[in-house]
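The values are calculated or read from the model by the stated rules, or taken from the named source; none is laboratory data. Keep in mind it's a predicted model, so treat the numbers as computed, not measured. Methodologically, a virtual Cβ is constructed for each residue, glycine included, from the backbone with ideal geometry; neighbour enumeration extends over all protein chains shown. Quick note on the areas: whole protein, heavy atoms, side chains included, nothing else; ligands and nucleic acids left out. Shrake-Rupley method; radii C 1.70, N 1.55, O 1.52, S 1.80 Å.
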Amino acid sequence: MNRKHDWMKCISLRIMVTAAMAFQPLAAAAQETASRPDRAAFLDLYKELVETNTTSSVGDCTKAAGQIAARLRSAGFADRDLTLYVPPDRPRDGGLVVTWPGSNAKAPAMLLLAHIDVVEAKREDWVREPFKLIEEGGYFYARGASDDKAQAAIFSDTLIRWKQKGVQPRRTVKLALTCGEEGTNERVLNGAGWLVDNRPELMKAGFAFNEGGGGRTAPGGGPDTLGVQVAQKSPRNFVLEVTNPGGHSSQPRPDNAIYRLAAALTKLSTLQFPLHLNPVSQAFLAQAGALRKDEFGAAMVRLAKDPGDAAAAGIVTSDLSLNAILRTTCVATLAQAGHAANALPQRATAGINCRIAPGETADQTRAAIEKAIADPEVKVLRSAIQERPVAEAAPLDPAILKPIATIGAKHFPGVPVIPTQSTGATDATYLSKLGIPTYGIPGLWNDPATAGTHGLNERISADALYRGRDYIYDLVTYFALH
């Protein structure tokens, strides 16, 4: 109880400001670029990174890492500061680690982590060329414009600006640009995981800043909230498998493998895992709920205080995004069956993607699936898809959270900073193996409904990109110097 009280006490800092938020039109950022040479230089770096294809199919992370290294050398970094790594037999999966020694060797190092690989994008599906940075209507469009090349470019640009200004960090600062974060199968190598296992000395740090924070776009522009990701769910994949002797399709049989699998999937579709709140999700509900002046917000606050409040839970979990935060979820994402149009299926399989709440295990999840299906002829197997380590929540440390909010108040007056738990997963899971608390920092907000992240026509507003860059620069500089 004392530990939980301490965690909630940390959260009670609230990190909220009362000044009215000043609206800044999307076009203002673009207009200001011409009068700020540093923005023009940043845009050039960002454009080169975005337009370098880094998909797993045909892209080249090694090339992209080399381009960033060349810019750092031009800014004054020595070769000894730069580690361009290429895992054995993976010539296109390389990355870059920058190590900038601080003046105080006893101060814990700060690691800036960003991935430079991107999800696949087919030109025939997109409105615009996905690997050409296009500015249109106050937005930048391209694959990776947001996830995660915006943050990778900002981190790299920050180090370049420090060199130009003669900044000397007090603590050692590390920048890791890695490949493979977007990988979802055994053919993809995760660069952050490879570094942790093979070059841990390059990654060791007292804390790390990563993607995953962000925030949502307010109706009038700018962010309505800023999130600090301190926890995330763990993805685990299973396969439902039904086998059968099969036979000629002219003689149907009741134990058809496809029908049996379909029945199992129907049962799975109604499986609801119990609510599993933790200090992070409770703090999120309390703070986000307090911002809403309606019945839904009141229910969020009640649920934060009493996770057993069934009425409040019913209201809150009617929102699909909140439901996914508060419990383990499993969903069918792949299906394959049969071998010929005129033959009964001998095998039918379905891929099941689960996002497991912190504190629960894959074995518990598998047992729940088996119980829900209740058919011994349907095997529940672990998938061969690449799995990340189990995520560990970062501590709700005021020494980290308070500066994030204080500097946020300078850049985004009136916008609250709220700790969040992601339904997805990032490379922070690999850093857990080294005991590095990792925070997904805010600044780069977006509208999930239109951002196109992992989907079509990915974009980020120029306002978010440029203002987020300024915020992240000030934030990272503060921690480098303190």
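Checked against (1) closer than 25 Å to Leu465 by Cα; (2) in contact with a helix residue (DSSP H, G or I) (Cβ under 8 Å, 6 or more places away or on another chain), Trp126 passes all but a single condition, namely (2).
Against the condition of a type in the set (Val, Ile, Thr), over 23 Å from Pro448 (Cα atoms), assigned to a loop (DSSP other than H, G, I, E, B) and more than 22 Å from the chain's Cα centre (by Cα), how does Val127 come out, does it pass? Working first, answer last.
Working: of a type in the set (Val, Ile, Thr): yes; over 23 Å from Pro448 (Cα atoms): no; assigned to a loop (DSSP other than H, G, I, E, B): yes; more than 22 Å from the chain's Cα centre (by Cα): yes.
Considered against the rule, which asks whether it is of a type in the set (Val, Ile, Thr), over 23 Å from Pro448 (Cα atoms), assigned to a loop (DSSP other than H, G, I, E, B) and more than 22 Å from the chain's Cα centre (by Cα), Val127 comes out as no.
Residues in segment 409-421 that are outside any loop (DSSP other than H, G, I, E, B) and either surrounded by fewer than 22 Cβ atoms within 10 Å (Cβ to Cβ) or modelled with pLDDT of 95 or more (or both): Ala409, Lys410, His411. Glu124 meets the conditions (1) in contact (Cβ under 8 Å) with a residue 40 or more places away in the chain; (2) more than 25 Å from Thr423 (Cβ to Cβ); (3) open to solvent by 30 Å² or more (accessible area, probe 1.4 Å) in every case but one. The failed one is (1).
List pairs: first residue in segment 261-289 and among the charged types (D, E, K, R), second residue modelled with pLDDT of 95 or more and assigned to a loop (DSSP other than H, G, I, E, B) anywhere in the structure, Cβ distance under 8 angstrom, at least six positions apart or on different chains. From residues that are among the charged types (D, E, K, R), the pairs are Lys267/Ala374. Take Asp157 and tell me if it is on the phi < 0 side of the Ramachandran plot and out of contact with any strand residue (DSSP E or B) (no Cβ under 9 Å at 6 or more places or on another chain). So Asp157 fits the description; yes.
Residue under question is Gly183, and the condition is that it be on the phi > 0 side of the Ramachandran plot, of a type in the set (Gly, Ala, Ser), surrounded by fewer than 24 Cβ atoms within 10 Å (Cβ to Cβ) and at pLDDT below 95; does it hold? Criteria not met by Gly183. Looking only at segment 258-270, decide whether some residue is within 31 Å of the chain's Cα centre (by Cα), at pLDDT 95 or above and in a loop (DSSP other than H, G, I, E, B). Yes, segment 258-270 has at least one match. Among Ile369, Ile436, Ile373, which is the only one that is touching a helix residue (DSSP H, G or I) at 6+ places or on another chain (Cβ under 8 Å) and farther than 30 Å from Thr270 by Cα? Every option except Ile436 fails the conditions.
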